[in-house]
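Here the structure comes first, spelled out in structure tokens, and everything after it is commentary.
The values are calculated or read from the model by the stated rules, or taken from the named source; none is laboratory data. Since the model is a prediction, treat every value here as computed from it, not as a measurement. Note that we place each Cβ from the backbone using ideal geometry, even for glycine, and neighbour counts take in every protein chain shown.
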Amino acid sequence: MKYFVVDVFTEERFRGNPAGVCLLDEWLPDERMQSIAFENNLAETAFLVKRDDYYDLRWFTPEVEIDLCGHATLGSAYVLMNYTDTTLDKVDFHTKSGVLTVSRKDGLYAMDFPSRPPVPYNKPELLEEALGASVVETHKARDLLILLDNEKTVRELRPDFLKLARIKDVFGFIVTAKGLDCDFVSRFFAPGAGIPEDPVTGSSHTTLIPFWSKRLNKNELLARQLSRRGGTILCKDLGERVEISGTAVTHMIGEILP
């Protein structure tokens, strides 16, 4: 199968979040796709199968299949629009999270995703010990959103991943604070899914966007993820949907042997 690695939410190689993109003629057994994702050892590997006027899309971490991934969706659209059919400016993906549309606009790739607003949630007992920081508030959607006091605290976090993984009923941990040169910053940890830290996370922004849009009373926001690789995300709150936009650059093109 044709295989691409694309750095997403960046214009520079070796920054942003690398996504594996596998173009299939038909679905492989789930165990084979999971093995490929484990071998690739990226936060997510996307698998696509073309249908009449859309693509089926699935995402695998090194450990599990997941229900929503932003950067690998943008990476998949980038591959299709730049290598498979350069006339495409819009593509629909059928996924476990419904139909996701990606459009190319002025060099940006804009993803139309469901909004996942968080609700207030009691702070887990181990959380502050695992993070090594004081927590201002906690909220929950799929992931646990953790509000910290400032950008510096978010940037300098050194979590204990073994302790984070012991916290039950949480897929991922979003730590966030108001930004200094942007609207908000964040980092994302999912040790239970084989992702100690995800460099730049599209899916977390389905929760971050409605949270910060309400707090800051604005619908268009600029976000930065403060991982070592770093990345920039342009955000819009559309009510029941959110728009998450960014750029991408090709790192590698190859083939995975049968």
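The residues in region 1-55 that are in contact (Cβ under 8 Å) with a residue 12 or more places away in the chain and not in a strand (DSSP E or B) can be counted, and the count is 26. Reported count of residues in region 187-212, each being over 12 Å from the mean Cα position of the chain (by Cα) and under 18 Å from residue 116 (Cα atoms), is 4. On inspection, residue 117 qualifies as in contact with a Pro (Cβ under 7 Å, 6 or more places away or on another chain) and in a loop (DSSP other than H, G, I, E, B).
Just to be sure before I move on: is residue 58 among the charged types (D, E, K, R), in a loop (DSSP other than H, G, I, E, B) and surrounded by 15 or more Cβ atoms within 10 Å (Cβ to Cβ) in the structure I sent?
Values: among the charged types (D, E, K, R): yes; in a loop (DSSP other than H, G, I, E, B): no; surrounded by 15 or more Cβ atoms within 10 Å (Cβ to Cβ): yes.
So residue 58 fails the test.
On the given criteria, is residue 232 polar (S, T, N, Q), within 25 Å of residue 36 (Cα to Cα) and surrounded by 13 or more Cβ atoms within 10 Å (Cβ to Cβ)? The answer is no for residue 232.
Given 90, 50, 96, which one is of a type outside the set (Gly, Ala, Ser), surrounded by fewer than 22 Cβ atoms within 10 Å (Cβ to Cβ) and more than 25 Å from residue 39 (Cβ to Cβ)?
Values: 50 fails: more than 25 Å from residue 39 (Cβ to Cβ); 96 fails: more than 25 Å from residue 39 (Cβ to Cβ).
Being of a type outside the set (Gly, Ala, Ser), surrounded by fewer than 22 Cβ atoms within 10 Å (Cβ to Cβ) and more than 25 Å from residue 39 (Cβ to Cβ) holds for just one of 90, 50, 96, which is 90.
Can you list the strands (runs of 3 or more DSSP E) lying wholly within region 146-249 that have 2 or more residues being free of Cβ contacts under 8 Å to residues at least 60 places away in the same chain? I'd like the intermediate steps shown before the answer.
Details: elements: 173-178, 184-190, 195-198, 220-225, 231-237, 241-246.
By residue number, 173-178, 184-190, 195-198, 220-225, 231-237.
Within region 85-98, does at least one residue satisfy the condition of being closer than 30 Å to residue 180 by Cα, among the acidic types (Asp, Glu), modelled with pLDDT of 95 or more and in a strand (DSSP E or B)? No; the residues of region 85-98 include none that is closer than 30 Å to residue 180 by Cα, among the acidic types (Asp, Glu), modelled with pLDDT of 95 or more and in a strand (DSSP E or B).
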